[in-house]
């Protein structure tokens, strides 16, 4: 029986374990990436491991998130990151060089290699046939130090693409179609692998859009084959020697196959407040639009921006709509400037943002009160834009540009213009002068006053009694747990950042936790399905840990967040029955009976509910190593022992 692309890559990288779905395997990591919102803590943790130099083939530290410098904090973080990169032989992509996923795709990704990034959209690399995964910063630090990364060997969903995209339909509409089928939950432990004749109409950057936003399905990653289209992209980037062919065998077997005829797709939109709420743009035709943002790591390639510029050419943005353009990299910005597309944007009245994550993470360009914002980004969680009352819709660059002109939701096919031709350049202006590649193990590390040491948890006690401080529903994201935007400046200061845990859900949560800790009791969180969706930010585990949270009881967890909880000594426990979730409320006192013994013996944990004077059982899927880390209070304690 033949192998899929996924199986070929993983089998070459397995260090330990059996390559069968559901089995835990440890794989070798070839490359890593970090960004400045998660990187500072990751490198502080790396320092504590006492290594002399990175053990990966290549590691890159990007500056792309914390770019709004309203105080000293972000600039200090950047100085620290530059110095620590030099100490460990890590490439440093300077501020202004671009968004990590876009730049890594252009300049460093390699088909058939593994990539671990401290950002949940690291699967972008799958567009070129690379196995890219998001993880918490601590896991990335471990990979830089040479440790393997453990995953559940995935079930593979084959997505067969047939036909050809129609005019004004693009890759964003394809991934929205996929999301309408797979949704944002129930896909943990899977990989989305694309194949079929329809691949021929998708450029490598189109594929990157699809794999980037595939993260919203909850899958481990998404991947395309590395074919002649991929080879042409590498040649155009001046990296032809790095290309290698990688395709699935004709007789390979997928665990599930989804059929999508590209010719049947029409302009689609994700409605507030989830990427999985997909419908057609035509259903909203005529609805007023206050803001349009084109860019982010999902849709800021040359093709995407050139298409938007061609639609806008000779036209002016509606008087009631603000348009913002965010190029994904310095290379893309250079290309739209040289081609005249930047001039078209400026002439149309668009505002030009830096090549950063910016408006995607709520770091600038927040919409007005109750505003409708159309964005080409990958997430529209409530409040993520920086404005809680805003309604954020996810659309393609074509739909975004058409709607910016009319000031209302507009299917671009109805705009009455000829479909623009946007040829892909034969060569791209490759320029790595903004990437520092030096190694100096004696360099002095620069730490500003906002940078503190990574906090360490206490070992798991023999008696685990605590209070339910928060009860949550389904699809709680890491944005709900730890807000980004204006709070990003505190990523290096856990004591300060902990004041904002669940800020948009229950601002009193941190204070309740601290008061309860003073009584000698711990804190618990109760949640529904898919707890921990979204960003890989490990602060969504670190800060609750700092507040004395010892366990999260949920109906299900998302992969990256569950791992982050384990890394910092918090128990991710699964309800066996919905009724047990339903019966708990805020303020209930719970005790986990014999946690040490039951964890070691692999038994379900018994929980006493002192309010109802009853007991229920919870289960876990922790490995032996996970249990060791939980018992010692997390990875850092375990590592030191």
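Starting from the Cα gyration tensor of region 237-382, multiply each eigenvalue by 5, take the square root, and state the resulting semi-axes largest first in whole Å.
So the equivalent ellipsoid measures 30, 24, 15 Å along its semi-axes.
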Rg/Rh for the chain, where both radii come from Cα atoms and Rh is the Kirkwood radius
0.96
Going from the fewest other Cβ atoms within 10 Å to the most, one would list 223, 424 as 424, 223
Shape category assigned to region 35-183 from the gyration tensor of Cα positions, a/c cut at 1.5
prolate
Once you keep just the Cα pairs under 8 angstrom separated by 6 or more residues, what percentage relative contact order results for the chain?
14
Stretch gain in nm, segment residue 49-residue 75, where the contour uses 0.36 nm per residue and the Cα spacing is subtracted:
6.8 nm
To the nearest 10 degrees, how steep is helix 204-213 against the longest Cα principal axis of the chain, on a 0 to 90 scale?
30
Say each of residue 57 and residue 577 gets a label point 7 Å from the Cα, pointing the same way as Cα to Cβ; how far apart are those two points in nm?
5.2
When Rg is the radius of gyration of the Cα atoms in region 22-84 and Rh is its Kirkwood radius, what does Rg/Rh come to?
1.07
Give, as ranges by residue number, the residues of region 109-127 whose backbone N falls under 13 Å from the point 7 Å along Cα→Cβ of residue 424.
127
Ordered by packing density, taken as the mean number of other Cβ atoms within 10 Å over each peptide's residues, highest first, how do 73-85, 577-589 rank?
73-85, 577-589
Can you put 201, 150 in order, fewest other beta carbons within 10 Å first?
201, 150
Taking the Cα atoms only, what angle lies between the long axis of helix 72-88 and the longest principal axis of the chain, rounded to 10 degrees?
90
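Nearest 5 percent is fine: what portion of the DSSP beta bridges confined to region 464-636 is antiparallel?
Within region 464-636, antiparallel bridges account for around 50 percent of the total.
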Per the helix-only model, the chain has a calculated mean residue ellipticity at 222 nm (DSSP H runs of ≥4, -39500 (n - 2.57) each, divided over all residues, rounded to the nearest 500) of -8000 deg cm²/dmol
Relative exposure of 626, 474, 173, judged by other C-beta atoms within 10 Å (fewest first)
474, 626, 173
As I understand it, the value is the acute angle between the Cα axis of helix 397-406 and the longest principal axis of the Cα atoms of the chain; what does it come to in degrees, rounded to 10?
70
Calculate the length of the line joining the C-alpha centroid of region 405-473 to that of region 228-262, in whole Å.
26
Between the alpha carbon centres of region 149-219 and region 292-369 the gap in Å comes to 25
By the Cα gyration tensor axes a ≥ b ≥ c (a/c under 1.5 gives rounded; else a/b larger than b/c gives prolate, otherwise oblate), the shape of region 378-533 is oblate
Subtract the Cα-Cα distance of residue 414 and residue 474 from 0.36 nm times their separation in residues, and report this length gain in nm to one decimal.
17.8 nm
Consider just the alpha-carbon atoms of region 5-264 and return their Rg together with their Dmax, both in angstrom.
18.2, 58
Return a whole-number percent for the relative contact order of region 100-177, with Cα pairs under 8 Å and 6 or more residues apart as the contact set.
20
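Here, each number is a calculation from the coordinates, and none is a lab measurement. A quick note: this is a predicted structure, and the numbers were derived from the prediction, not measured. Virtual Cβ from ideal backbone geometry, glycine too; neighbours counted across all protein chains shown.
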